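One structure is given below, encoded as structure tokens.
The values are calculated or read from the model by the stated rules, or taken from the named source; none is laboratory data. What you are looking at is a predicted structure, and each value in this text was computed from that prediction instead of being measured. Using ideal geometry, Cβ is built from the backbone for each residue, glycine included, and neighbour counts are taken over all protein chains shown. Side chains are part of the model used for accessible areas, which takes the heavy atoms of the whole protein and leaves out ligands, DNA and RNA. Shrake-Rupley method; radii C 1.70, N 1.55, O 1.52, S 1.80 Å.
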Amino acid sequence: MKYRLLIFVLFGLISFASAQSTKVDLMTFEIENTSDIIKPNLLSNHPLGMYISRINHNFKVRSPEKYSFSVDVSSGNVMLPYVKSYELTNQTDREFAANFPWHDREFKFDLITVPAQTKEFIADGVIRSYKFTFSLPLSTHHELNFGLRAFSLDKGKYPFSVFTSDESIEWFHSTIAGGEDPFSRRYYGFNQAKISYRDENNNFITMNNGDFRIPGIEINYFYYPLLEMNKKHKIYLNFGTHFGINISRYNPVADLGISSSIIKKIVVKDKNILSIGLSAGALQQRLIQFGDRVNISNQTFLYSFEGLIDYKRKLRNNNWISYGINYAFQTSYNNKKDFNHIILTGERINTHWQQTFSHLYKNLEGWNFICTYSVKQFSYFVSLREDLRLDNAPDLQTAFGVKMSFKR
């Protein structure tokens, strides 16, 4: 009898608590599901980075309740004029070269006889990225997704490159900001399409107008832990594991990475959601190598970081529109210290000619501006990326895409 009474009392208390928390649970459900961040693929269309399994950071707070499929298409204008680099191999020469700024070293050595490993690089055109992602919710706290990335190169003519054509970018530089022809597009000619990279072992990466490549596939696993601070403070964590298989003949390797994100949700006017997120990750390159490769990057690890501010507004028709600003950071493709004994040669048309190689020894940064409109099971998004540093790879990048969610 006592046990029956105890069960009855407990059942009453649970029912009362459930009734009191209904409003909170509904808001939590709204925050974690309907208003979750839909972030497109924001990786830059780098002419060498396309062959590496870079991490696209995740700012979701839980595994979705539905299967989803997304398609992202982006266009990035790249202008890196021909440059040849000499990496000195003699220690005495290296120490001597380190005493001079990079732009004076060319005149301190006889490049015909000096012991050095040489590389050549040129990239010009519009690189288009095609990212296909299928997300599979395993449970409330576990998600698995599969991705396929593809790229093409073309001349970027109208009407397929309204914002990323050479003419549009140089018009912006000449009339609004940046100065007249700062990247020598007019000197080398508009609407070119060519990528050629030769490493120190005389291995080549080439790409010409109209070429289409599928550099790799990836598998990502995400874990969304259930924590007390989720409901109490609307602060969420997620952890990711990233496995990429690069299937191109230029870089036949498997990469492995990890990432972690923290997201704070703030309810505005009882229906709109402001999200602030930080994410960091590390990618180990060449964990497994399947054959000979081009030396794209001499770093074992690439570290990346992203920050995101997203404001999502609920419309009268129960659709959503969101606006976001994303900051992306990645460590350099090559060891920064190596630049102390690098000699660069090329046509000194302007002050940015050396960026073809020098940007490979610098950290890369970029800003992304995102707008997403969600209606029922479809979300449509557009984004614009501008590099923060003058790495010019790519100079300007635009993207659009759609995400489709399906019931189980």
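Averaged over residues, the count of other Cβ atoms within 10 Å places the peptides 342-351, 147-156 in the sequence 147-156, 342-351, highest first. A simple packing score, the average count of other Cβ atoms within 10 Å per residue, orders the peptides 68-75, 107-114, 91-98 as 68-75, 91-98, 107-114, with the highest score first. The angle between the Cα long axis of helix 2-29 and the main principal axis of the chain comes to about 40°, on a 0 to 90 degree scale. A viscosity of 0.890 mPa s and a temperature of 25 °C, combined with the Kirkwood radius over C-alpha pairs in the Stokes-Einstein formula, give the chain a diffusion coefficient of 105 µm²/s.
With all protein chains in place and a 1.4 Å probe, the accessible surface of segment 34-406 carries 59 percent carbon and sulfur. Between M79, M50, M229, the Gaussian network model of the chain with springs among Cα atoms under 10 angstrom shows the greatest mean-square fluctuation at M229. What net charge do the residues around L396 carry, taking every other residue with its C-beta under 9 Å from that of L396, with Lys and Arg at +1 and Asp and Glu at -1? Its environment carries a net charge of -2.
Net charge near K84: determine it from the other residues with C-beta under 14 Å of the C-beta of K84, scoring Lys and Arg +1 and Asp and Glu -1. Residues close to K84 contribute a combined charge of -2.
Within a Cβ distance under 9 Å of F329, other residues only, what is the Lys/Arg minus Asp/Glu net charge? Don't jump to the answer; show the numbers that get you there.
Values: positive: none; negative: E306, E365.
Residues near F329 contribute -2 overall.
Evaluated over segment 254-408, the count of Lys pairs having alpha-carbon atoms less than 18 Å apart is 15 (only pairs 8 or more residues apart or interchain). In segment 34-406, a dipole from Cβ-located charges (positive for Lys and Arg, negative for Asp and Glu) runs towards its positive end, and of Y380, I176, Y333 it is Y380 whose Cα lies farthest in that direction. Only helical runs count toward this figure. For the chain, summing -39,500 (n - 2.57) over DSSP H runs of n ≥ 4 and dividing by all residues gives -4500 deg cm²/dmol at 222 nm. Look at the dipole of the chain built from charges on Cβ: of Y224, G324, Q284, the Cα furthest out on the positive end belongs to Y224. Looking at segment 289-347, the accessible area is 49 square angstrom per residue; that uses a 1.4 Å probe and ignores ligands, DNA and RNA. The residue list Y67, L111, I122 was ranked by how far each Cα lies along the charge dipole of segment 61-124 toward its positive end, using unit charges on Cβ atoms, and Y67 comes out on top.
Mean separation of Cα pairs under 8 Å and 6 or more residues apart, divided by the residue count, gives the chain a relative contact order of 20 percent. Rolling a 1.4 angstrom probe over the protein heavy atoms with all chains in place gives segment 43-146 an accessible area of 38 Å² per residue.
Sorted on the mean count of surrounding Cβ atoms within 10 Å across their residues, most packed first, peptides 277-285, 190-198 read 277-285, 190-198.
This model, with +1 at the C-beta of Lys and Arg and -1 at the C-beta of Asp and Glu, gives segment 34-406 a dipole about its Cα centre of some 1740 debye.
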